[in-house]
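Down below is the structure, laid out as structure tokens.
Where a number appears in this text, it was derived from the coordinates with a stated rule and is not lab data. For clarity, every value in this text was computed on a predicted model and none was experimentally measured. Positions of Cβ are generated from backbone atoms using ideal geometry, with glycine treated the same way; all protein chains shown enter the neighbour counts.
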Amino acid sequence: MSDNGARKAFTICAPHCGNFPCSFAVEANGEGIASFRANPAMRIKPCIKGFQIPDRYNHSDRLLYPLKRVGEKGSGPGGANRFERTSWDEALDLVARGLEAAKAKGGNESVMMYHYASQHTMPGGRDGNPATIMRLLNMWGGAIQPYLRGSLCWKAFLGGSADVFGHWQIRNRPNADCDWIVIWGNNPVETGYRGLMQSLQEAKRGGTRFIAVDPMRTRSVNRFADRHVPIRPSTDTALALAVLRHMLAEGAADEDFLRKRTNAPFLVNEEDGAFLTAPDGTPLAWDEAAGEARPFGACERPALYGSFQAGGKACRTAFDHLRAAAEPWTPARAAKECGVSEEDVRAIAGAVRKGKVVVYYGAYQRTVHGEQAVRALHILNLVTGGFGGVLRHGGASDSFQLPRATDAGLADVVASRWGVPNLVQRTVPVGQIAEAILNPGAHGGPIHAALVMWGNPVGQAGDAHKTERALRALDFCAVSDIFMTPTAKCADVVLPASTWLERCAITEGLETGATFFHLIPEIAPRHVVMFSSGAMPQRGESLDDFEIVCRLAEKMGYGDHFPWKSSREWVEELVAAARQDERFPWFRDLTMEKLEAEGMVILDIPEPENSWDLQTPQGRARLYFEGKKTPVPTYIPPDEVAQKGGRKPLQLITPKTYFRASSTFNNAEKLLRGDWNVATLNPADAGARGISAGDRIRIYNGFGETAYRAKVSEDIRPGVVHIPAGGLPEQGAANHLTGDALSEYENAAQNSYSVEVEKAG
Ligand code: SF4
């Protein structure tokens, strides 16, 4: 109790914003929420979105009762959407019957469980098997989980990084070494709010200078950049190759580092592109001292450049292949292709020297060949020896088949205690669920039913109309959400879920966000467990996700396996189990009392050391990707994307913004008052179309159209239109203009489409 008699509690914000989670202290009295503040234990305060949680709880659009569809589903945008209130009993009966009917028709392989990014807390959500709903569905025989294959946002980064390092958690050199930082395709002021932005600010205060590569003069460009390079979207690989070429010409390569840490000296057979190896499989290199090919370890001085004959085979070093890929990219050619100046190329090359940093994980990866750019940018740092190693974590487990350094092990405790294997082997890329539903031949057979919890594919996936059509075409679809999202409108049954304020939940992660660039030791990530006590009563008949699953389990005949009376009981059991789990000694002191009292408990997990023990063949970073169609980074022009109805004259970019976490918070009224939800176009493009600032404009292409208010600004380069991602259709929805093409790593390629714009009539 506080002095004024209000109940004190804590809650969590965990929408998978890229910085999650955050902890908040709540005071509640009989009249509602008396105070809502950041948990004082947090070193970096939450962003503005988290402070909308009370409004989200009280929002007039909250779903308060279970709904069932009446009448036809209709199809396409604005299809029939008539729902009537029903009881939880009938709603869950319908869900159980809908899932059973699909199973009877097509087996468990025809049932999809769509969960994505909106609710990263336990016991309700969390990715993968540990999620409570997957325990139930796996007991029932399993279901397709698209989330486990691909990502709408960052799989190109994960895949491209794993290509180079065998791992995605990369540690750069500390701040002290940075004279220059290149922020490439990243807008940390808006999206790397907790951790990365502070690191960069600290660097700026310490005298580091910045180059920002971005088609838009973003808030980050304004805040940090000494030089802005307004690149043409999707040409990042070309620019990176030009920078590499210039660096090599200037002698900036750290040759000792390349020999010691990378596969640069390995000899590549000219005939098939494979490495030449000794009989025991050791790659061969050309020993300059001996004048012959030898197993790498036996070379006195392995050559980095050159063509040779080894065992009668023509070969070249891997590094020579990389050099040859960069060679055509003169500053003049890059300037023309990328829409930058030759001096920009030289300036970036000058900045990316040993001990300097390229910051990436940016929007360029959300293009159809984004992984090429990810690889190329990693290689820029590698060539100068600019990486400190790969971050390893002692308590790692697997998430997305990659080591999970952002978690401390609660998910593993859940998996070992309550996990049930999913018997459904079938997978579907998350960015192509619509294709999988509408075209059963595309991804391994028909899908008859879907259960959607913590996700809004119609609001997020490429080609919103197609996704909507697909969900409406299912025999059965149930959606659990807080609001009537565009996805919920496609459902047969809508289940009203509770907000973070109402549910008892726990989550774990890095307090300063899952940033990969730990530049500032003072805010090095602390591993934390955060707790939400369920500070507020449930509104209407909304239910905690966990309780929805338990009640559904009862309907599906698995009630005995879900004996908990409340999510709090489950959380208590989890905390007790974690304390006893010998794999994770840092949980020994974790208690419910502590969680209740502090809301956020810092775990004493040893800070991982930098490591060069890479999970790659020979443990070396790769500059050459043996077996790939493009074994060195290759620029593939952005035109090569499935653009419905042909290309339009303007390139669309649809980045994430400060004001939404994907589509979460898109109806937060205070945030909607800001002047941010606009389509930005250059005065040259606006003028040519008779558009003035503030005009309503229609943006369209073969996928659809959407309406926006125009912002006319030199901040955006000519030929490009900028629309924030995640808007509701009535606010302007970028994904009405994008397709569902995927990159090599099944990343959605939503920055690869083109549009035309006209003044609305
Ligand atoms: S949206 Fe992200 S950074 Fe903002 S409060 Fe929530 S968890 Fe924190």
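Some observations on this one:
- 37 °C / 0.692 mPa s Stokes-Einstein diffusion coefficient of the chain, Kirkwood radius on C-alpha pairs, µm²/s: 121
- Reduced Cα scattering model of the range 202-262, Debye log10 I(q)/I(0), q = 0.23 Å⁻¹: -0.97
- Max-minus-min Cα coordinates of the range 650-759 on each principal axis give 39, 35, 23 Å, with the largest extent listed first.
- Total charge dipole magnitude, the chain, about the Cα centre, Cβ charges on Lys, Arg, Asp, Glu only, Debye to nearest 20: 1280
- With Cα atoms, 0 to 90° folded angle of helix 545-556 axis to the chain main axis: 70
- Residues residue 613 and residue 417, FRET efficiency given R0 of 30 Å [Cβ-Cβ distance, rounded to 0.05]: 0.45
- A simple packing score, the average count of other Cβ atoms within 10 Å per residue, orders the peptides 552-560, 538-546 as 538-546, 552-560, with the highest score first.
- Every Cα-Cα pair in the range 426-472 was counted, and those over 15 Å apart are 37% of them.
- The share of Cα pairs per 5 Å bin across the range 416-563, counted from zero up to the longest distance, runs 2, 8, 12, 14, 15, 17, 15, 10, 5, 2, 0 percent.
- In plain terms, the residue of 286, 154 with the fewest other Cβ atoms within 10 Å comes first and the most crowded comes last, giving 154, 286.
- The three principal axes of the Cα atoms in the range 534-604 give end-to-end lengths of 41, 28, 13 Å, sorted in falling order.
- Peptide packing: for 237-245, 710-718, 318-326, the average count of neighbouring Cβ atoms within 10 Å per residue gives the ranking 237-245, 318-326, 710-718, highest mean first.
- Computed over the chain: relative contact order in percent, which uses C-alpha pairs under 8 Å that are six or more apart: 21
- Nearest-0.05 FRET efficiency for residue 204 and residue 684, computed from C-beta distance (R0 22 Å): 0.10
- Dipole in debye (nearest 20) - the range 35-108, about Cα centre, beta carbon charges: Lys, Arg +1; Asp, Glu -1: 420
- The range 584-664: Cα Rg divided by the 2.2 N^0.38 Å rule of thumb: 2.04
- 222 nm mean residue ellipticity, helices alone, for the chain (DSSP H n ≥ 4; -39,500 (n - 2.57); rounded to 500): -7500 deg cm²/dmol
- Positive-end extreme of charge dipole, the chain - chosen from 118, 234, 553 (charges on Cβ): 234
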